Structure formats: C-alpha cells, structure tokens
Amino acid sequence: MSLLVAPSLLSADFGNLSSDIRFVNESNADWFHIDVMDGVFVPNISFGFPVLKAVQKEAKKPLDVHLMIKDADLYLEEFAKHGTYMCSVHFEACTHLHRTIQKIKSLGMKASVVLNPSTPVSVLEDILHELDMVLIMSVNPGFGGQKFIPHTYVKVRQLKQMISTRCLQTLIQVDGGVDPSNARQLEEAGANVVVAGNAVFGAADRSLAISQIKG
C-alpha cells in the first residue's frame with residue numbers, strides 16, 4: 001500500500017482557497033491536513049472555525065485536523081461538528097491525555113497524539129493501544145517550510161516496533177519537510193501517512209508531486 005498523502009492547507013493560497021480545495025478533491029491525495037494554531041502553544045495563529053466550516057463545505061476527502069493549541073478539550077465538540085475525521089492533540093499540551101483521547105472518541109472522531117521533535121516515543125507506552133494514529137513532527141511546530149529533522153527516521157522505526165510488538169493497527173503520520181526526496185525512507189521506516197505542504201502547493205506540477213510522494 002502506498003503512502004497516504006495529506007496536503008497541508010497551511011501552504012495553500014488563501015486568496016484562492018476554494019480552488020486549492022477543489023484541486024485536492026480531484027487529485028490522488030487522501031486527506032486534507034488542517035493546522036489549527038492558537039498563538040500560545042505555538043508562536044503562530046492559523047485557522048479558526050469559520051475557515052474550517054468553509055473547508056468542510058467543499059472538501060470531499062477526510063479532514064485531518066492537527067490541534068496545536070492549549071486546552072483542546074474546550075473545543076473538541078466544535079471540531080467534531082465541523083467534520084473532523086482525525087483529531088490530533090499534542091502530548092506536550094494535554095495534562096490529562098487519556099481523558100482527552102476518550103473524549104475525542106466519544107464525539108465520533110479518530111484519535112491521534114502528536115509528538116514534538118524532542119519528545120521520545122516512549123511516552124506513549126501507556127496510551128498507544130488507545131490511539132488510531134501517532135503524528136511525529138519532523139520540524140518544530142508552528143510554521144511551514146522548515147527543514148526536515150533526520151532523527152525522525154529513528155523515531156518512526158522505534159514507534160513502528162512498539163506498534164508491531166503490541167499487534168496494533170495504529171497509523172504513523174509524519175509532518176514537516178516531507179517531499180519526494182525523503183518519502184520513501186519514511187515509508188520504509190514505517191510511516192503510513194505524510195503531510196506535505198510546500199512540497200505540493202509550491203510545486204510546478206502539484207499532481208506529479210503528490211504521485212511522487214505516494215510512490
């Protein structure tokens with residue numbers, strides 16, 4: 001099975017967002033990746049609910065929502081109402097992670113935990129069996145266009161081993177600096193899903209870029 005590709009709308013043209021959404025709909029990409037930032041947990045601000053509502057209205061593929069926010073529990077119902085398929089929360093931002101994961105699931109969404117580059121995969125020992133996906137950040141969260149951190153390959157392999165040992169079906173997603181030059185190595189290490197922002201929306205041939213990443 002080829003990698004699933006989730007183009008990040010953070011890299012889309014906001015002046016032509018509807019057009020870029022249609023492009024993803026018509027491409028062989030698999031999900032829409034939507035980064036939600038609050039300017040507190042990360043030093044940037046991005047999509048709010050009005051934009052998410054607009055995306056929900058036009059998107060024909062699953063919404064993969066990455067919450068880079070504090071107090072995510074306060075907003076989970078709204079994200080569920082706005083069509084979120086996969087809801088990713090940061091390990092570093094959740095005081096009561098198990099409770100947050102249970103709430104995500106109770107609202108009908110898939111549950112994912114995100115790990116920053118400096119957070120080891122071992123922190124998931126006691127929660128991994130509850131997760132539909134783990135998102136490994138291969139850049140520091142908050143801004144697009146950053147350089148891929150090579151140690152990510154090690155973390156993906158470690159996480160894949162943890163998943164295999166437990167006979168789980170948990171997906172591994174990688175976000176940050178992913179492009180055709182490193183997608184195969186990530187897939188070989190155990191990744192199932194990759195987020196691609198500039199590598200897709202900044203490409204001369206965006207459809208070709210997605211195909212090259214998928215392999």
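Taking segment 31-53 as the range and being under 14 Å from residue 84 (Cα atoms) and crowded, with 20+ Cβ neighbours inside 10 Å as the test, the residues that pass are 31, 32, 33, 34, 35, 36, 52. Looking only at segment 180-198, residues that are at pLDDT 95 or above and within 19 Å of residue 140 (Cα to Cα) come to 8 in all.
Residue 146 fulfils the conditions (1) surrounded by fewer than 21 Cβ atoms within 10 Å (Cβ to Cβ); (2) under 15 Å from the mean Cα position of the chain (by Cα); (3) modelled with pLDDT under 95 except for a single criterion, (2).
Flag: residue 206 matches the condition of being over 18 Å from the mean Cα position of the chain (by Cα), surrounded by 14 or more Cβ atoms within 10 Å (Cβ to Cβ) and not polar (S, T, N, Q). Of the residues 215, 176, 197, only one is touching a His at 6+ places or on another chain (Cβ under 9 Å), among the small types (Gly, Ala, Ser) and touching a residue at least 12 places away in the same chain (Cβ under 8 Å); which? One residue alone meets the criteria, 197.
Within this structure, residue 118 fails the test of being within 20 Å of residue 177 (Cβ to Cβ), crowded, with 21+ Cβ neighbours inside 10 Å and either hydroxyl-bearing (Ser, Thr, Tyr) or modelled with pLDDT of 95 or more (or both). Scan segment 179-193 and tell me whether some residue there is touching a His at 6+ places or on another chain (Cβ under 7 Å) and either without any contact (Cβ under 8 Å) to a residue 12 or more places away in the chain or under 18 Å from residue 133 (Cβ atoms) (or both). No, segment 179-193 has no match at all.
Name the single residue, out of those in segment 187-203 being of a type outside the set (Val, Ile, Thr) and either crowded, with 24+ Cβ neighbours inside 10 Å or under 12 Å from the mean Cα position of the chain (by Cα) (or both), that is nearest to residue 159 (Cα to Cα). The residue in question is 191. Scanning segment 5-38 for residues that are hydroxyl-bearing (Ser, Thr, Tyr), assigned to a helix (DSSP H, G or I) and modelled with pLDDT of 95 or more yields 18, 19. Screening 163, 172, 213, 136 for residues that are modelled with pLDDT of 95 or more, among the β-branched types (Val, Ile, Thr), more than 17 Å from the chain's Cα centre (by Cα) and crowded, with 17+ Cβ neighbours inside 10 Å leaves exactly one candidate, 163. Residues in segment 39-55 that are outside any helix (DSSP H, G or I) and out of contact with any strand residue (DSSP E or B) (no Cβ under 7 Å at 6 or more places or on another chain): 3 in all. The strands (runs of 3 or more DSSP E) falling completely within segment 81-144 that include 1 or more residues that are among the hydroxyl-bearing types (Ser, Thr, Tyr) map to 84-90, 110-115.
Going residue by residue through segment 118-135, is there one that turns out to be β-branched (Val, Ile, Thr) and free of Cβ contacts under 8 Å to residues at least 12 places away in the same chain? The answer is no; no qualifying residue exists. In segment 150-169, the residues that are farther than 11 Å from residue 189 by Cβ and in a helix (DSSP H, G or I) form Cβ pairs under 6 Å with partners that are of a type in the set (Val, Ile, Thr) and at pLDDT 95 or above, at six or more places apart or across chains, as follows: 163/170. Within the set 35, 73, the sole residue that is acidic (Asp, Glu) and in contact with a Lys or Arg (Cβ under 9 Å, 6 or more places away or on another chain) turns out to be 73.
The values are calculated or read from the model by the stated rules, or taken from the named source; none is laboratory data. None of the values given here were measured: they were computed from a predicted structure. Please note: Cβ atoms are built from the backbone with ideal geometry, for glycine as well, and neighbour counts cover all protein chains shown.
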